[in-house]
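For reference, the structure discussed in these notes is given below.
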Amino acid sequence: MSFAVIVFPGSNCDHDCFHAISKLLKKPVRYVWHRDTSLEKNEVVIIPGGFSYGDYLRAGAIAKTSPIMKGIKKHAEEGRPVIGICNGFQILTESDLLPGTLIRNNSLKFICKNVWIRCESTQSIFTKELHSREVLQMPIAHGEGNFFCKEDILKELENNQQIIFRYSNPKGSIIESSNPNGSLKNIAGISNKKGNVVGLMPHPERACEPILGGKDGLKIFNSALSYSTK
């Protein structure tokens, strides 16, 4: 099992992800430039946060046209693990690998702070090692983290257990005051139907060691280790 961290012009959390995987998870990891076209079958793909292409047009709108996205789509269609963090989540929705969209925070301001999220589903590759309703703490840093989708898509996400994280308070209660950006139904992360593609706005790579305030984020990457090629 190895990891691949995708790098776009404007990515700024790629080194954080690389550090978390190589130094803390102690697994093989490599950078993959956006102009590359292929991925290894045994790799867990991480699309990191940042401001790909300066967020021109919309966050993730240009990144979806990069050559590597064809390889990522093929990887995902084969049921292999892909996780998009923050800007990576935005790229996944723009690429139609995940439903819905991420729009401006309801405050219209960039938000950078620690939040609490509750695990809603353990059906995805990246939550298998978590407990249902387990509460994690990790930081957010975004201006367009407000998840939105049409009512029929929301119903489908709920029925298929594709909502994997919701913003909560420290006790796990899903309340309006724990929602930092106005996301529909406090949604912080979702998966595709197969559970192999996950997008979330909070940054697990920035919550992997005590010096950063806690290790809850490492649980998400650890969960991916249960995946094995067939």
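Mind checking region 41-109 for GluC sites (Glu not before Pro) that DSSP puts in a loop (not H, G, I, E or B) and that have at most 16 other Cβ atoms within 10 Å?
Values: sites: Glu43, Glu77, Glu78, Glu94; in loops: Glu78.
Passing sites in region 41-109 are Glu78.
Given a cut-off of under 8 Å on Cα pairs at least six residues apart, what relative contact order in percent is computed for the chain?
Values: 564 pairs, mean separation 47.7, N = 230.
The value is 21 percent.
Can you work out the FRET efficiency for the pair Asn106 and Ile175, with r the C-beta to C-beta distance and R0 = 22 Å, to the nearest 0.05? Write down the numbers at each step before the final one.
Values: r = 15 Å, r/R0 = 0.70.
E between Asn106 and Ile175, to the nearest 0.05, is 0.90.
Among Pro48, Pro67, Pro210, which one shows the highest mean-square fluctuation when the chain is modelled as a Gaussian network with alpha-carbon springs under 10 Å?
Fluctuation is largest for Pro210.
Could you tell me what percent of the DSSP beta bridges with both partners in the chain are antiparallel, to the nearest 5?
Working: 23 of 39 bridges.
Bridges in the chain are about 60 percent antiparallel.
Within 10 Å of each residue's Cβ, count the other Cβ atoms and sort His203, His19 from fewest upward.
Details: His203 25, His19 15.
Neighbour counts put them in this order, fewest first: His19, His203.
At a 10 Å Cβ-Cβ cut-off, how would you order His131, His15, fewest neighbours first?
Numbers: His131 10, His15 14.
In increasing order of surrounding Cβ atoms, one gets His131, His15.
Take the chain, connect every pair of alpha-carbon atoms lying under 10 Å apart with a spring to form a Gaussian network, then pick out the residue of Asn181, Asn160, Asn87 with the largest mean-square fluctuation.
Highest fluctuation of the listed residues: Asn160.
Residues with amide H under 5 Å of Asn179's amide H, sequence separation 5 or more or different chain, H placed in the peptide plane at 1.01 Å from N; which?
Amide H neighbours of Asn179, under 5 Å, 5+ apart: none.
If r is the Cβ-Cβ distance from Glu78 to Lys23 and R0 is 22 Å, what FRET efficiency results, to the nearest 0.05? It would help to have the intermediate numbers written out before the result.
Values: r = 29 Å, r/R0 = 1.32.
The computed FRET efficiency comes out at 0.15.
How would you classify region 82-230 from its alpha-carbon gyration tensor, with a ≥ b ≥ c the square roots of the eigenvalues: rounded for a/c under 1.5, else prolate if a/b is greater than b/c, otherwise oblate? Don't jump to the answer; show the numbers that get you there.
Values: a/c = 1.39, a/b = 1.04, b/c = 1.33.
The shape class here is rounded.
So how strong a dipole does the chain carry about its Cα centre when Lys and Arg Cβ are +1 and Asp and Glu Cβ are -1, to the nearest 20 debye? Write out the running numbers ahead of the final one.
On the way: 29 positive and 22 negative charges, 54 e Å.
Computed charge dipole of the chain: roughly 260 debye.
Relative contact order for region 18-155: what percent, with Cα pairs under 8 Å and sequence separation of 6 or more?
On the way: 201 pairs, mean separation 28.1, N = 138.
Over region 18-155, the number comes to 20 percent.
What nm value, rounded to one decimal, do you get for the distance between Gln123 and Asn159 when each label is placed 7 Å out toward the C-beta?
1.1 nm
Once phi is turned into ³J(HN,Hα) by the Karplus curve 6.51 cos²θ - 1.76 cosθ + 1.60 with θ = phi - 60°, what whole-Hz value does each residue of region 73-81 show in order, with x for glycine and proline?
In residue order, the calculated couplings are 4, 5, 4, 5, 5, 7, x, 8, x Hz.
In what order do Met138, Met69 fall by count of nearby beta-carbon atoms within 10 Å, going from fewest to most? Walk me through the numbers before you get to the answer.
Working: Met138 26, Met69 21.
Lowest to highest Cβ neighbour count: Met69, Met138.
Give me, ordered by chain and number, the residues 5 or more places off Met138 or on other chains with an amide H under 5 Å from its own placed amide H.
Long-range HN contacts for Met138: Val115, Ile117.
None of the figures in this text is laboratory data; all of them are computed from the coordinates on show. Just so you know, these numbers come straight off a predicted model, no measurement behind them. Positions of Cβ are generated from backbone atoms using ideal geometry, with glycine treated the same way; all protein chains shown enter the neighbour counts.
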